[in-house]
1. May I ask you to work out the translational diffusion coefficient for the range A:209-333 at 10 °C, viscosity 1.306 mPa s, via Stokes-Einstein with Rh from the Kirkwood sum over Cα pairs, reported in whole µm²/s?
2. For chain A, list the DSSP H helices whose alpha carbon atoms reach 27 Å or more along the long axis and whose average Kyte-Doolittle value is -1.0 or above?
3. Just to be sure I understand the curve: with the Debye formula and one point per C-alpha of the range A:194-242, what is log10 I(q)/I(0) at q = 0.31 Å⁻¹?
4. Going by the alpha-carbon gyration tensor, a ≥ b ≥ c the square roots of its eigenvalues, is the range A:237-306 rounded (a/c under 1.5) or, if a/c is not under 1.5, prolate (a/b greater than b/c) versus oblate?
5. Students often check this: by mean Cβ neighbours within 10 Å, which of A:356-369, A:269-282, A:112-125 ranks highest, and how do the rest follow?
6. So if I average 1/r over every pair of distinct C-alpha atoms in the range A:107-196 and take the inverse, what Kirkwood radius in Å does that give?
7. Hey, if you drop one equal point scatterer on each alpha-carbon of the range A:30-96 and run the Debye formula without solvent, what base-10 log of I(q)/I(0) do you get at q = 0.26, 0.29 Å⁻¹?
8. In nm, give the distance between the simple-model label positions of A:Ser76 and A:Ala170, each being 7 Å from the Cα along the Cα-to-Cβ direction.
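The values are calculated or read from the model by the stated rules, or taken from the named source; none is laboratory data. Computed from a predicted model, the values in this text were never measured in an experiment. Every residue, glycine among them, receives a Cβ derived from its backbone with ideal geometry; neighbour counts consider all protein chains shown. These accessible areas exclude ligands, DNA and RNA; they are computed on the full protein's heavy atoms, side chains included. Shrake-Rupley method; radii C 1.70, N 1.55, O 1.52, S 1.80 Å.
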Amino acid sequence: MANFSPPPGTADIFPAEALRWQRLESVARAVFSRYGYGELRTPMFEYTEVFQRGLGDDTEVVQKEMYTFLDRGGRSLTLRPEGTAGVMRSLLNTDVLNGVEQRVYYQGSMFRGERPAAGRRREFHQIGVENVGRIAPELDAENIAMLMHFLEELGITGASLRLNTRGVMADRGPAGEMLRAYFLPHLGTMCPDCQTRFQRNIWRILDCKQQACRDVVAGVPDYLAAYSADSRQYFERVLRALDALKVPYEEDRFLVRGLDYYVHTVFEVTHSALGGQSAVAGGGRYEVFLPEASRPAPGVGFAAGVERLLMVQDALGAGEIPAEGADIYLIGLGEAARMANLSLSAELRRQGLRVELEVEDKSFKAQMRGANRSCARKTLIRGEDELARKMVVLKEMSDGSQQEIPEEALLRVLKGEGVC
RNA sequence: GUGGUAGUAGCUCAGUUGGUUAGAGCGCCUGGUUGUGGCCCAGGAGGUCGAGGGUUCAAAUCCCUUCUUCCACCCCA
């Protein structure tokens with residue numbers, strides 16, 4: 001029924017699936033809280049310049065993927081394409097610029113106008129974390145460790161962590177020159193994209209997937225040598241802290257990342273169970289300079305793709321949720337019995353039981369089928385006869401056994417059998 | 001954005017070289033005697049064959065347009 005399909009790249013999440021989302025979210029909450037993080041909920045849209053300035057005008061995201069619109073007051077607003085910029089905008093209302101640390105996580109929809117593909121939607125969901133206000137290599141490492149811990153709790157094994165350092169802004173000049181000098185003579189053999197990257201953002205050449213470009217990139221000089229001693233030492237300390245935290249990693253000099261705000265540490269977690277889009281999470285240390293701020297705000301964080309995490313769990317057979325039926329299904333024969341069941345349902349639900357019942361005048365067989373379909377553990381049956389004698393029949397669905405008990409003993413029996 | 005793929009019942013799909021009331025499995029509903037589910041059996045409901053236009057005596061089947069899906073590139077989560 002294509003008529004009722006949602007807009008391209010969006011999806012409806014039905015209850016059975018939503019259960020998995022909820023579980024994933026609660027795992028995130030549980031893990032992050034152990035590291036002192038609380039949830040920050042920011043708007044789904046911001047002033048456009050928050051992203052323009054925050055992410056960098058030259059980024060792919062800002063240039064051609066944002067959902068930007070004018071509101072009725074003529075303001076230019078943009079549906080958030082990622083979480084960090086909005087979080088920083090929000091935290092600028094605190095003391096982060098004076099070195100006061102904020103630990104927050106966020107979750108929710110992000111919007112990017114891309115062509116949908118496996119693991120890529122226009123509305124997708126991220127769970128992300130930001131540690132803002134302080135600069136210390138150990139914080140970078142702890143952040144990464146928390147991400148790996150989160151994946152572990154989700155039952156995601158076999159993920160691989162790659163990391164690199166982007167140095168600070170002052171390192172980009174000398175290191176960029178080194179790259180420019182190296183790439184210039186090879187430009188002729190490289191892809192058109194890289195030709196423009198050479199002009200606009202030479203670093204992006206490093207993670208070009210074209211074979212011809214990769215061949216050239218393979219011989220790139222060690223640009224870390226052009227970084228300042230401080231920057232190199234910062235990265236060293238990140239690595240040592242990761243060792244101390246027992247987090248396995250792999251250094252990757254070609255890892256850059258598409259957002260301009262990164263400095264020092266950048267990292268990405270991929271999983272081979274995924275296809276074209278193999279990144280499940282990514283992040284790094286950043287400095288976000290928002291309009292009207294006196295100076296850039298420092299932080300370190302990551303974002304994980306919820307859909308992708310779920311896909312990996314699928315592939316690994318992790319995170320399966322057993323079907324949960326009602327605790328008890330009420331069957332009533334005759335108007336009076338059904339009415340009695342209706343009021344009983346209210347009472348049992350207040351006791352915390354999951355109760356289902358048939359309210360229409362259906363045959364006994366049809367009602368039993370209903371009980372079976374809903375995977376109910378127990379069925380309560382009563383007709384006019386039982387009603388008159390104030391008795392109910394309690395049936396155990398797994399083995400079909402049943403017993404007749406007094407109405408007033410019902411709760412006691414259910415409690416005795418651990419149903420509630 | 002570029003390229004490829006597909007679009008038939010709630011779901012997964014079949015539909016021969018265009019030919020009469022478009023099928024299957026699963027699911028759903030109702031029964032298989034008076035109050036007992038899951039298995040089995042019988043019957044039933046449910047489709048403007050994604051949409052629009054065209055060719056034809058005749059189109060789910062051919063042509064055009066359009067929308068949507070999935071996938072790759074790209075980019076990233």
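1. This corresponds to a translational diffusion coefficient of 85 µm²/s.
2. In chain A, the long hydrophobic H runs are A:15-34.
3. -1.06
4. Oblate, because a/c is 1.5 or more while a/b does not exceed b/c.
5. A:269-282, A:112-125, A:356-369
6. 17.6 Å
7. -1.13, -1.26
8. 3.3 nm
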